[in-house]
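Note sheet for the following structure.
The values are calculated or read from the model by the stated rules, or taken from the named source; none is laboratory data. What you see is a predicted model, and the numbers here were worked out from it, not measured in a lab. Every residue, glycine as well, gets a Cβ built from its backbone with ideal geometry; the counts of neighbours run over all protein chains shown.
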């Protein structure tokens with residue numbers, strides 16, 4: 001991986017910024033350079049939040065990008081706003097209980113119902129980590145032990161076990177999706 005551009009975008013409260021921090025922490029623990037920029041919609045309530053994580057083998061001089069390699073979106077609004085920005089050949093991962101994907105040539109799209117699975121685990125807020133387990137298993141961004149260490153470092157101590165279970169749920173769904181299980 002010379003450089004990897006990851007855009008995470010969804011409704012405020014979907015754990016987008018936490019997910020970005022965990023991905024950045026994972027990259028640094030894996031010996032990469034990483035920087036995250038964030039953005040918010042102008043809406044006071046019901047708006048979106050975005051985390052752009054740039055990961056590189058080299059020093060990062062400029063953290064802004066327009067065409068991500070990976071796009072994760074958790075609402076229809078953010079899907080519609082961003083899918084056309086994804087680079088050709090890129091990955092688009094979406095919350096399948098909310099997003100109706102469009103037919104788009106040249107990108108790989110795959111959905112996961114992370115919110116429902118998080119609710120079954122007992123806490124809706126771990127949907128972001130379910131997405132992380134799913135994404136890391138499908139795309140193979142980082143070694144699993146490094147991701148789990150980053151999760152433990154970035155979430156509140158009392159929620160570490162729940163988040164590690166959420167990661168495993170995402171991983172299991174990914175393995176089923178690609179036909180390994």
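Taken together, the criteria exclude residue 90 from residues that are at pLDDT below 95, surrounded by 14 or more Cβ atoms within 10 Å (Cβ to Cβ), within 25 Å of residue 151 (Cα to Cα) and within 14 Å of the chain's Cα centre (by Cα).
Could you check residue 67 against (1) over 22 Å from residue 164 (Cα atoms); (2) in contact with a helix residue (DSSP H, G or I) (Cβ under 7 Å, 6 or more places away or on another chain); (3) without any contact (Cβ under 8 Å) to a residue 60 or more places away in the chain; (4) surrounded by fewer than 22 Cβ atoms within 10 Å (Cβ to Cβ) and say which number it fails? Failing condition for residue 67: (3).
Report whether or not residue 17 is surrounded by fewer than 18 Cβ atoms within 10 Å (Cβ to Cβ) and either touching a residue at least 12 places away in the same chain (Cβ under 8 Å) or within 13 Å of the chain's Cα centre (by Cα) (or both). Walk me through it before giving the result.
Details: surrounded by fewer than 18 Cβ atoms within 10 Å (Cβ to Cβ): yes; either touching a residue at least 12 places away in the same chain (Cβ under 8 Å) or within 13 Å of the chain's Cα centre (by Cα) (or both): yes.
The answer is yes for residue 17.
Being surrounded by fewer than 22 Cβ atoms within 10 Å (Cβ to Cβ) and assigned to a helix (DSSP H, G or I) holds for only one residue in 22, 28, 35, and it is 28.
I'd like to check something: does the stretch 52-66 contain any residue that is assigned to a loop (DSSP other than H, G, I, E, B), under 17 Å from the mean Cα position of the chain (by Cα) and under 22 Å from residue 127 (Cβ atoms)? The answer is no; no qualifying residue exists.
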